Amino acid sequence: MSVAPLWEVYPPRKFYANDRRNAMGLTANRLDHWTLVTSDLARTRQFYTNVLAAKPLDRNFPAGVIFGGTTIDFFLESDEQHPSPGIDHHAYSIALEDFDAWADQLRANGVGVSFANFGRTRMSMLFDDPDGYHFELVVPMDSEEIATRELAKRGIEPRRGAAPR
């Protein structure tokens, strides 16, 4: 069985960013929120507000932040629910000019960061929050030429069509 390269399955956003209607003529505007279960609410708040510079929500329950225009709700671990980061990840796009500053910020706070490229025009950094939830900060670029140059500048090996973890 042949598998299509990732860049063919998910072409650069410029091809569909202005057309939000799906095949049924319905729209989805943006991701409103996602939730995570944490084993330590104070540590989670500290990580998201101090390390990621997310804006804390002005409410008691559930605690949470706004990051990348999306609300992240924090729920404390209980007998019924436990942190379950799994293999999925949350990917936020960032500007090329902020890529190195993000890497420096994460490293300065003891966060392990790895780098990759998934597709011909993308450069990513991968890291986990304190409970093990996986994040990707991705720079979508306008051309393969720019991507090749920026990857080489940082010593990131091009992996054409590799799937994210």
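So the values come out like this:
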| read-out | value |
| --- | --- |
| GluC sites (Glu not before Pro) within segment 42-109, DSSP loop, no more than 10 other Cβ atoms inside 10 Å | GLU80 |
| Length released on extending from GLN46 to VAL113, taking residue separation times 0.36 nm less the Cα-Cα span | 22.3 nm |
| Trypsin sites (Lys or Arg not before Pro) restricted to DSSP loop in segment 28-105 with at most 16 other C-beta within 10 Å | ARG30, ARG59 |
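Each reported figure results from applying straightforward, stated rules to the coordinates on display, with no laboratory input. What you see is a predicted model, and the numbers here were worked out from it, not measured in a lab. Cβ: placed from backbone, ideal geometry, glycine included. Neighbour counts: every protein chain shown.
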